[in-house]
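Report on the following structure.
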Amino acid sequence: LSADAGRLGARLDAARGGDPTLTARLSRLNDEAELLREALEATRAAVAAAAELDAAAGAAGRAAAEAGFADVREAEEAYRSPAEREGKAELLRRLDDQHAAVTALLADPELIAAAAEPAPDLAAAEAGRDAAEEAHTRLASERDRAAARAARLAELRDELAARIERWRPAAERHRLAERMAALASGTSGDNQWNMSLTSFVLGERLRQVVDAANERLDHMSSGRYLLRHDLRKTAGSRARSGGGLGLKVADAWTGVDRDPATLSGGESFITSLALALGLADVVTAEAGGAEVGTLFVDEGFGTLDEDTLDDVLDILDGLRDGGRAVGIVSHVGELRTRIPVQLKVGKTRRGSTLVS
């Protein structure tokens, strides 16, 4: 029994094959048999359809030959739809009507008599017609261009008028701004002194500096010179604007105002020194009382006579007494007796040295 069971199991395994169960294998084989039956039927239908196609093609070829065509393709190209056949029949009817009308017209005696006349010069008539058509085309083109130009000019005229109206307010504002700019820059004819706005502001500061400088210049020049602020252009100025920063020197000995360029070296020195001291005073006033505590004067003392030198040193001593430090750079020997603290520069071949 064990051996029989083993043989039966082996036969079942062989019968099952690669399927999980014998039932699954039977189901799959039945599906494959059904597909094979369907494929056989489809093959038989295809063979029958091919035979019918060959028969139909033969019949179509015989029919095309009987109708006078070379082959079926030529017959297919000659086929017309009912609507197209109806349209061509209608066209034939219209052509027949037109033929009848032309035949009746040609039978007119007047046309027959005109045909008997000599033939006209068609070449000359055609040349005249061509010339007339060319002239007409040219004149029509010129007329169209003129009309287009007239329309464009009308558009430009309206556009120009509109833009001028929009431009006028801006032009008025520009004219006012330009006038103000010229007035501020000193180039306007309404500006009497040709003074720019900057020069006006600086001129006011210069006037303050001149007032402060005259307090010391009067003492240093022994009452001879005073500075005057001049609104006119400075000497030698070639600019269109530049008034407001001029200086004149009032000479009490001659009673006339002098140009600063006519002062001698010593006079120029004391004038420049007075202006520098006046500027320091103005800066102190403008800076809220912050004084310029140190002042250096470099050379210029050699151009002064003895009396003027004493007056200048009196002014500098007054500054020093007021708490300011005044440094003098000079080689004038007379200053050694007036300046207590000195730094001397000694020159040798090996260089310069400082000696206190």
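The values are calculated or read from the model by the stated rules, or taken from the named source; none is laboratory data. Small disclaimer: the values here were computed from a predicted structure and weren't measured. Note: ideal-geometry Cβ built from the backbone for every residue, glycine included; neighbour counts use all protein chains shown.
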Check L279, L263 and return the single one that is surrounded by 13 or more Cβ atoms within 10 Å (Cβ to Cβ), under 19 Å from R224 (Cα atoms), in contact with a helix residue (DSSP H, G or I) (Cβ under 7 Å, 6 or more places away or on another chain) and at pLDDT 75 or above.
L263
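State whether the residues of region 210-221 include one that is modelled with pLDDT under 75 and either under 30 Å from T308 (Cβ atoms) or not in a helix (DSSP H, G or I) (or both). Don't jump to the end; show me each part of the working.
Initial filter on region 210-221 (modelled with pLDDT under 75): none.
Scanning region 210-221, I find no residue that is modelled with pLDDT under 75 and either under 30 Å from T308 (Cβ atoms) or not in a helix (DSSP H, G or I) (or both), so the answer is no.
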Can you tell me how many residues within region 250-260 are surrounded by 15 or more Cβ atoms within 10 Å (Cβ to Cβ) and under 55 Å from the mean Cα position of the chain (by Cα)?
1
Per the filter on region 91-135, residues surrounded by 10 or more Cβ atoms within 10 Å (Cβ to Cβ) and part of a loop (DSSP other than H, G, I, E, B) are D108, D121
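Here is a yes/no grid of residues against (1) among the basic types (K, R); (2) modelled with pLDDT under 80:
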site: G17; (1), (2): no, yes
site: L22; (1), (2): no, yes
site: D54; (1), (2): no, no
site: R73; (1), (2): yes, yes
site: P82; (1), (2): no, no
site: V102; (1), (2): no, no
Within the bounds of region 169-177, is there any residue that is of a type outside the set (A, V, I, L, M) and not in a helix (DSSP H, G or I)?
no
What pairs come up if the first residue lies in region 270-284 and is within 17 Å of G203 (Cα to Cα) and of a type in the set (K, R), the second is assigned to a helix (DSSP H, G or I) and modelled with pLDDT of 80 or more, and their beta carbons are under 9 Å apart, counting only those six or more places apart or on different chains?
none
